[in-house]
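These notes are about the structure you will find just below.
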């Protein structure tokens, strides 16, 4: 371990701290939070640490990208975050994260919030930088890459993450509006992988308000160490979602001067529910690592949001383009939908991202086909960036067509009556009675057909994929048009021919096995392309 003492940046923003109030009458079950807070501050030297830089090797879980709900409670591991460094300045409200990993990934695919729904270009350089400064956040691909602004909702989550560590929490407890409260309980022990059970212990849980709306809890043990910091964050798919960091006693390192700081980090997004008793989705191991190089009061360089970040426009744009008679591509963002008109209704392939995107797409469909209901929405797979709008379509009365393996996940975790307190959507505010009736689903095992006697849409299951399970695609035989997601993303014009992937080969094998006559591929990422483009890539060899 290397310990260095530095200085905090001169441009730090001064924040007002609140003193502990006088003791007051407490309800049964509650305790005075201030003695607990003060003892924890003394135990880890919270008053002596203005900022900190930690380094080591870490990993990021691909939140929302489980291969199939029910297979595992972990999020899939992304590429290792080599040389991970995080600088946190609680006074200036800034955090800078840097690491290296192999190019070719979504730059933000490791970080909760922006995640896999960002639509940013694929990573070209090894070095990656993520910054939050106050209300603004951005990422940078390479040492000289242009800053890419994160949406405001994601910037808020990054700012929240700045405080979800022991020293950050204790500092936030003294900010105006924190309103600390405390309760006690017994932690009855936990069985480890070796079969041993930890000793039961009486703990205190201190709860404060952060950023004006997040209620954050810290579990503080009898040794005055924060061992778990927990809150809920909004998610378009799961609603109010568990978000927590855990720090064991032996992870705290003595840095001198009374300062102790954790060297091992472990975080969850979603419940750590091994038996999936409360939820069917994955929900643990979203971030972690051994960050044992700790430099107290090393604040790094002053951070200011670039002008391009401060003025970034995140308004939802929907651009419709005519693909064939009664068939439209709804693009204009990182994800597409496709609307297909039948005699008495409209079917939509894919409801990606969130309610805002879906409402804008629905409004455009209503403009294009004003007198017919959207009766079906075909969901290709259960990755969260392709599921975020399903609740919106259910709200307007559409039937969801999905693979049968996704049904339990959607019914239990996504399309439910659970209140959404952090980001209420239409389904939670005005739930239809049909939500509990069960007839708003159509599940597919191998093949499913929509037809009105003149137009036909053939929906089929693509055999097990490494990337995802439960994948469907849609085929319009009259138009010789294949609508698919992530099995083939056509390269942009002028780009070099990419190497064939396993997903490309699976798509080609699927089409040939079913004997589909394809002329045009309509991807749900990118622009339509001739079928010959896929053949050229797959059949050209390595």
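The values are calculated or read from the model by the stated rules, or taken from the named source; none is laboratory data. Note that the structure is predicted; figures quoted are calculated from it, not measured. Using ideal geometry, Cβ is built from the backbone for each residue, glycine included, and neighbour counts are taken over all protein chains shown.
I need a count of the residues in the stretch 365-376 that are in contact with a strand residue (DSSP E or B) (Cβ under 7 Å, 6 or more places away or on another chain), in a helix (DSSP H, G or I) and surrounded by fewer than 18 Cβ atoms within 10 Å (Cβ to Cβ).
Counting residues in the stretch 365-376 that are in contact with a strand residue (DSSP E or B) (Cβ under 7 Å, 6 or more places away or on another chain), in a helix (DSSP H, G or I) and surrounded by fewer than 18 Cβ atoms within 10 Å (Cβ to Cβ) gives 1.
Can you tell me how many residues in the stretch 411-421 are over 20 Å from residue 382 (Cα atoms) and surrounded by fewer than 16 Cβ atoms within 10 Å (Cβ to Cβ)?
2
So, in the stretch 510-540, how many residues would count as being touching a residue at least 12 places away in the same chain (Cβ under 8 Å) and more than 31 Å from the chain's Cα centre (by Cα)?
The qualifying residues number 14.
Does residue 391 satisfy being modelled with pLDDT of 95 or more, assigned to a loop (DSSP other than H, G, I, E, B) and in contact with a helix residue (DSSP H, G or I) (Cβ under 6 Å, 6 or more places away or on another chain)?
Answer is no for this residue.
For the condition within 27 Å of residue 209 (Cα to Cα) and either buried (at least 20 other Cβ atoms within 10 Å of the Cβ) or out of contact with any helix residue (DSSP H, G or I) (no Cβ under 6 Å at 6 or more places or on another chain) (or both), what is the one hit in 286, 281?
286
Here are some residues: 305, 351. Which one is in a loop (DSSP other than H, G, I, E, B), touching a residue at least 40 places away in the same chain (Cβ under 8 Å), in contact with a strand residue (DSSP E or B) (Cβ under 8 Å, 6 or more places away or on another chain) and outside the structural domain of residue 482 (by TED's automatic domain parsing)?
Answer to the selection: 305.
Mind counting the residues in the stretch 219-256 that are farther than 30 Å from residue 281 by Cα and assigned to a strand (DSSP E or B)?
Residues meeting the conditions: 5.
Would you confirm, using the coordinates I've provided, whether residue 239 is more than 20 Å from residue 45 (Cα to Cα), touching a helix residue (DSSP H, G or I) at 6+ places or on another chain (Cβ under 9 Å) and in the same structural domain as residue 112 (by TED's automatic domain parsing)?
Yes, satisfied.
Among the candidates 456, 443, 451, single out the residue that is at pLDDT 95 or above, in contact with a strand residue (DSSP E or B) (Cβ under 9 Å, 6 or more places away or on another chain), under 30 Å from residue 391 (Cα atoms) and loosely packed, with under 13 Cβ neighbours inside 10 Å.
On inspection, the qualifying residue turns out to be 451.
Being in contact with a strand residue (DSSP E or B) (Cβ under 9 Å, 6 or more places away or on another chain), over 16 Å from residue 361 (Cα atoms) and not assigned by TED's automatic domain parsing to the domain that holds residue 61 narrows it down to one of 292, 282, 324, so name that one.
Within the list 292, 282, 324, the selection yields 324.
Find all pairs meeting these conditions: Cβ atoms under 6 angstrom apart; at least six residues apart or on different chains; first residue within the stretch 421-437 and closer than 13 Å to residue 391 by Cα; second residue part of a loop (DSSP other than H, G, I, E, B).
As it stands, the answer is 428/419; 428/420; 431/417; 434/440, since those pairs meet every condition given.
Go through the stretch 268-302 and give me each residue that's touching a residue at least 40 places away in the same chain (Cβ under 8 Å), under 21 Å from residue 66 (Cα atoms) and assigned to a strand (DSSP E or B).
Result: 269, 287, 288, 289.
Considering only residues that are touching a residue at least 24 places away in the same chain (Cβ under 8 Å) and either more than 28 Å from the chain's Cα centre (by Cα) or surrounded by fewer than 19 Cβ atoms within 10 Å (Cβ to Cβ) (or both), which ones fall in the stretch 236-262?
Within the stretch 236-262, 240, 249, 252, 253, 255, 256, 257, 258, 259, 260 meet the criteria.
Residues in the stretch 39-84 that are in a strand (DSSP E or B) and more than 18 Å from residue 286 (Cβ to Cβ): how many?
6
Please go through the stretch 394-406 and pick out each residue that is buried (at least 17 other Cβ atoms within 10 Å of the Cβ) and out of contact with any helix residue (DSSP H, G or I) (no Cβ under 7 Å at 6 or more places or on another chain).
398, 399, 401, 403, 405, 406
Quick test for you: out of 495, 503, pick the one residue that is under 21 Å from residue 104 (Cβ atoms), without any contact (Cβ under 8 Å) to a residue 12 or more places away in the chain, surrounded by fewer than 22 Cβ atoms within 10 Å (Cβ to Cβ) and under 32 Å from the mean Cα position of the chain (by Cα).
495
Specify which of the listed residues (165, 224) is modelled with pLDDT of 95 or more and crowded, with 19+ Cβ neighbours inside 10 Å.
The match here is 165.
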